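Engineer: My questions will all concern the structure given below.
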Amino acid sequence: MKKFRLSLGIAVLTLIASMSLYGDFTAESILGTWLVPKEDAKVTIYKCGENFSGKITWLKTPTDLDEKNPDPEKRKNKILGMDMLWGFVFKDGQWVGGQIYDPDNGKTYKCKMWLKSDDVLNVRGYVGVPLFGRSELWKRVK
């Protein structure tokens, strides 16, 4: 009986591993405008050559400046209109290899993204490896 359970367990794990964990999305599935969880900003993700980037295209307080930027010259720039995502490539159902800038603290993180559904984007910013990070769910703006 133990051998049967072990064989069954291995078969199930093999099946799960062979299935796409990130759905059957194409590289362009991420394109569009997304509402962040605080609902105070919208980010439009667009294609730039072979890479994907994202720009803040709506802000609840549109006159906010990038006051926490580590570069003193950039602290005078408006947050509205800035690129906050850049350098992503589509690989194995995820957008990877990019970076995300957080204007709330002025820090830039490595980032990866994947769609949980057509209208929900998981955005994970991290330091070093994805294990050490934070995820947010962004909702597509229709």
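Engineer: So, restricting to strands (runs of 3 or more DSSP E) that lie completely within the range 94-141, which ones have at least 1 residues that are free of Cβ contacts under 8 Å to residues at least 24 places away in the same chain and under 17 Å from PHE52 (Cα atoms)?
Structural biologist: Working: elements: 94-102, 107-117, 120-126, 133-140.
Those strands (runs of 3 or more DSSP E) span 94-102, 107-117, 120-126.
Rundown of residues vs (1) of a type in the set (Asp, Glu); (2) modelled with pLDDT under 95; (3) within 13 Å of the chain's Cα centre (by Cα), yes/no style:
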| residue | (1), (2), (3) |
| --- | --- |
| GLU39 | yes, no, no |
| THR44 | no, no, yes |
| LYS47 | no, no, no |
| GLY54 | no, no, yes |
| LYS74 | no, no, no |
| VAL89 | no, no, yes |
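Engineer: Identify, by number, the condition in (1) part of a helix (DSSP H, G or I); (2) in contact with a Cys (Cβ under 6 Å, 6 or more places away or on another chain); (3) not hydrophobic (A, V, I, L, M, F, W, C) that ARG75 doesn't meet.
Structural biologist: (2)
Engineer: Only one of (1) within 27 Å of PRO72 (Cβ to Cβ); (2) in contact (Cβ under 8 Å) with a residue 12 or more places away in the chain fails for VAL89. Which number is that?
Structural biologist: (1)
Engineer: For the range 113-142, which positions are loosely packed, with under 12 Cβ neighbours inside 10 Å and in contact with a Cys (Cβ under 9 Å, 6 or more places away or on another chain)?
Structural biologist: none
Engineer: Within the range 55-112, work out how many residues are surrounded by fewer than 16 Cβ atoms within 10 Å (Cβ to Cβ), of a type outside the set (D, E, K, R), out of contact with any Lys or Arg (no Cβ under 9 Å at 6 or more places or on another chain) and under 30 Å from PHE25 (Cα atoms).
Structural biologist: 2
Engineer: Right, here's the next one. Looking at the range 47-72 only, could you name the residues that are polar (S, T, N, Q), in a loop (DSSP other than H, G, I, E, B) and either closer than 22 Å to PRO130 by Cβ or touching a helix residue (DSSP H, G or I) at 6+ places or on another chain (Cβ under 7 Å) (or both)?
Structural biologist: ASN69
The values are calculated or read from the model by the stated rules, or taken from the named source; none is laboratory data. Fair warning: this is a prediction, and the values are worked out from it, not measured in the lab. No Cβ is skipped: glycine too gets one built from the backbone with ideal geometry, and neighbour counts run over all protein chains shown.
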